[in-house]
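None of the figures in this text is laboratory data; all of them are computed from the coordinates on show. As the structure is a prediction and not an experimental result, all values here were calculated from the model. Cβ atoms come from the backbone with ideal geometry, glycine included; neighbour counts cover every protein chain shown.
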Amino acid sequence: MRKTDGVPEGPTSITLEDELWAVTSGTGDERDRQIIMLRFGWNGKPPPRTLEAIGKLYGMTRQRVHQICARANAVQKAEAPLPVLDHVLARVEALAPLRVRDVENKLHASGLTRRIFPLTTIVDIARRFSRKPRFSIVRGKVRRTTDSPVA
């Protein structure tokens, strides 16, 4: 693995989207997994969709979409091993201070994401899986938080 900014490039050839898809493996069939990915923005396509919008897309009620998405709560555990997500968070922290768009482009260019993945969605994903990002987004820039070690 090549190092840049003090953080190794990608740990594997698996992207964040691939890792999140794998996390949904116990939540139902492929359609259910796609619904969960859309609802929470785990596919990297902004914005995360509403229950109603997904229901229309798949021809089901928003209540049914809600039931499917409720299964995602079971997989969002602090002990869930998510090495790509952890690596993405470390990489973002190492890149700070930098504009959000530049960070998103660097994550994509390094192969950690398949597409330009919204950084706000990455922060939401991290929090859903009980990770505490050691950076914040302020006025379009990524900044390390005060408790982050300075590289």
(request) Would you grab the residues whose amide H sits under 5 Å from the one on GLY41? Only those 5+ places off in sequence or on another chain, please, with H modelled 1.01 Å from N. (result) ARG49
(message) Apply the Karplus curve 6.51 cos²θ - 1.76 cosθ + 1.60, θ = phi - 60°, to the phi angles in the range 87-92 and return the couplings in whole Hz, x for Gly and Pro.
(response) 5, 4, 4, 5, 5, 4
(message) What percent of all Cα-Cα pairs in the chain falls into each 10 Å bin, going from 0 up to the bin containing the maximum distance?
(response) 11, 40, 32, 14, 2
(message) Please give the charge dipole size of the chain, origin at the Cα centre, charges +1 on K and R Cβ atoms and -1 on D and E Cβ atoms. Round to the nearest 20 debye.
(response) 500 debye
(request) Would you work out the relative contact order for the chain, in percent, from Cα pairs under 8 angstrom that are 6 or more residues apart? (result) 26 percent
(message) Can you list residues from other chains, or at least 5 along the same chain, whose modelled amide H is less than 5 Å from the amide H of VAL142?
(response) LEU98, ARG99, VAL100
(message) Spelling out what I want: for every residue of the range 52-62, take phi, set θ = phi - 60°, compute 6.51 cos²θ - 1.76 cosθ + 1.60 (Karplus), and round to whole Hz; glycine and proline get x.
(response) 5, 5, 5, x, 5, 4, 9, x, 9, 6, 5
(request) Step through the residues of the range 35-48 one at a time and calculate ³J(HN,Hα) from phi using the Karplus curve (6.51 cos²θ - 1.76 cosθ + 1.60, θ = phi - 60°), rounding each to whole Hz and writing x for Gly and Pro. (result) 4, 4, 4, 5, 4, 9, x, 6, 8, x, 9, x, x, x
